[in-house]
Amino acid sequence: MEYFLGIDIGTSNTKAVIFDRAFHVAAKGNSSYALDQPRNGWAEQNPLEWKKAAKNAISQAMREGKIDASDFIGIGMSGQMHGLVMLDAENNVLRPAVLWCDQRSVAECEEMTERIGKNALIATTANPALPGFTASKILWVRKNEPAIYARCSHILLPKDYLRLLLTNRYDTEVSDASGMQLLDVPARQWSAEILERLEIRPEWLPKLHESVAITGYVTAEAARYFGLAEGTPVVGGAGDNAAAAIGTGTIKAGRAFTTIGTSGVLLTHTDAPRIDKEGRVHTFCHAVPNAWITMGCTLSAGESLRWFLTKVLKGEISVSQAMREAEASPCGANRLLYFPYLMGERSPILDSYARGMFFGLSGIHTRGDVIRSILEGVSYSLKDCHAVFEHMGIAFSSMKVCGGGAGSKLWRSILANMYNCKVLADDYAENGALGAAILAAVGVGAYSSIDQACSCVGFADTMKQPNPRDVAYYQKGYGLYQKIYQDVKEDYRILSEMTS
């Protein structure tokens, strides 16, 4: 038998999923790790944790499927975007990776905008300067940790650090590189002008490829450590959102998906770069050659539910019980609104100072009301991105849903009513790993194109249709949601400056 291995380096765990040539799941493994928050608004991880987790997940999947390393004909990777991995000349990790949801680099974003100009930055990188992206993190280290910066020889993204471990090569691909804010996104190449303006050495950056390119082969050392076969091809892969787009079939204009994992994303395929001049949503290169994606990202989607269940309820109830209690709460959660800004917010408000909030809390509210309000609040934030898409003239007739939140019928129903369109969920629990495996299959020549490979995936979709009564309620609720944020926007900054 011949198999493809899809490895997905997430924020909370690394998954290894083995697929046969028809993309049926043969086996899978999973290994978790913590998100470190040493200060309010910071988020870090030790890249060596990803190394150990990948080894554990791969070996677990191979044991489960009784699959030999020689059976893999291609490896693809997906990973959390934007994370800054800094290495010295001997490939030693210099500091914990600064992750996508980290908000420490607000001042550096202001510096970037001053050096380059907002309009020029958006025209080239397709996005305004944002703390979540990689470039401002590099400037933060230069300013605050000069001794570490002086030792830096290489800058990689999370999945590309694993690629280095597998292949001993410094490579990346266009979809993940788009989120570094150092790429000319329309041209799909590193921007010499941005690098010069920010005084970042181009030799620190990895070699750039399209997502279906073979970037290297498993080395003898990596084969021994990870339990793989020396010489196995490793394909470019994709950032997590572009990989999920491949894994949901979002590879043609008019198709879109929402993913609810740690963050929440609304994403659509475009055949040309569609850039919002105000920078409210992001434009990146797609993993599909000569295509792009437009997406909005709310930073604390599933993270909001995880926070409530673990930090507030201390694990008192399971996720499944939480969903049952939320289902008993009516549409609108008895007039309770939640704002999911636990780590600030990206799309479309671009506000690093924003913080989470419940509005309308009273003595009548039950635990189920609070949980439902969290699901609705995350969905209102995604509706915020949807509204920008509509303003840009980007339309779609249906919506795929993936990620952990896709397993909730209630959450899918809420999204259908928020978007006022049918919502589809397929039976693939790991769309990112599937997307990585599809890219590997195309890269090694098992399929002639991404389109051909996706046509072989047997998606078994379940559908949620919008309910007109709930659609009407959420339209009113969304207006109030927007108004409240505007009313308290300046107060978030005041709060950030308060000290005890």
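Restricting the stretch 453-472 to residues that are more than 17 Å from Asn431 (Cα to Cα) and exposed (fewer than 15 other Cβ atoms within 10 Å of the Cβ), which is modelled with the lowest pLDDT?
Ranking the qualifying residues of the stretch 453-472, first place goes to Met463.
Run down Asp171, Asp88 and say which single residue is in contact (Cβ under 8 Å) with a residue 12 or more places away in the chain and surrounded by fewer than 17 Cβ atoms within 10 Å (Cβ to Cβ).
Asp88
In the list Val488, Val471, Val457, which residue meets the criterion of being of a type in the set (Val, Ile, Thr), outside any strand (DSSP E or B) and within 27 Å of the chain's Cα centre (by Cα)?
Val457
If we only count helices (runs of 4 or more DSSP H) wholly inside the stretch 148-241, which ones have 3 or more residues that are at pLDDT below 95 and over 18 Å from the mean Cα position of the chain (by Cα)?
Helices (runs of 4 or more DSSP H) meeting the threshold: none at all.
If the requirement is being out of contact with any Cys (no Cβ under 7 Å at 6 or more places or on another chain), surrounded by fewer than 19 Cβ atoms within 10 Å (Cβ to Cβ) and under 27 Å from Arg280 (Cα atoms), which of these qualifies: Asn127, Asn119?
The conditions single out Asn119.
In this structure, does Ala129 turn out to be part of a helix (DSSP H, G or I), at pLDDT 95 or above and not acidic (Asp, Glu)?
No, not satisfied.
Gly254 versus (1) at positive phi; (2) free of Cβ contacts under 8 Å to residues at least 60 places away in the same chain: which is the lone unmet condition?
Unmet condition: (2).
Hey, any hits in the stretch 336-343 for a residue that's assigned to a loop (DSSP other than H, G, I, E, B), surrounded by 17 or more Cβ atoms within 10 Å (Cβ to Cβ), touching a His at 6+ places or on another chain (Cβ under 8 Å) and assigned by TED's automatic domain parsing to the domain that holds Thr298?
Within the stretch 336-343, one or more residues are assigned to a loop (DSSP other than H, G, I, E, B), surrounded by 17 or more Cβ atoms within 10 Å (Cβ to Cβ), touching a His at 6+ places or on another chain (Cβ under 8 Å) and assigned by TED's automatic domain parsing to the domain that holds Thr298.
Please go through the stretch 368-387 and give me each residue that is hydroxyl-bearing (Ser, Thr, Tyr) and out of contact with any Asp or Glu (no Cβ under 8 Å at 6 or more places or on another chain), ordered by number.
Ser373, Ser379, Tyr380, listed by residue number.
Taking the condition free of Cβ contacts under 8 Å to residues at least 40 places away in the same chain, surrounded by 13 or more Cβ atoms within 10 Å (Cβ to Cβ) and either in contact with an Asp or Glu (Cβ under 9 Å, 6 or more places away or on another chain) or among the charged types (D, E, K, R) (or both), does Ala406 pass?
When the stated conditions are applied, Ala406 does not pass them.
Among residues belonging to the stretch 344-370 that are of a type in the set (D, E, K, R) and more than 22 Å from Asp487 (Cα to Cα), point out the one that is surrounded by the most Cβ atoms within 10 Å (Cβ to Cβ).
This residue is Asp369.
With the condition being aromatic (Phe, Trp, Tyr) and within 20 Å of the chain's Cα centre (by Cα), I'd like the helices (runs of 4 or more DSSP H) fully within the stretch 352-450 carrying at least 1 qualifying residues.
It comes to 367-391, 409-419.
Using the structure shown, decide if His365 is at pLDDT below 95 and of a type outside the set (D, E, K, R).
No, not satisfied.
The values are calculated or read from the model by the stated rules, or taken from the named source; none is laboratory data. As the structure is a computational prediction, the values presented were derived from the model and not from experiment. All Cβ positions, even for glycine, are placed from backbone atoms using ideal geometry, and neighbour counts span all protein chains on display.
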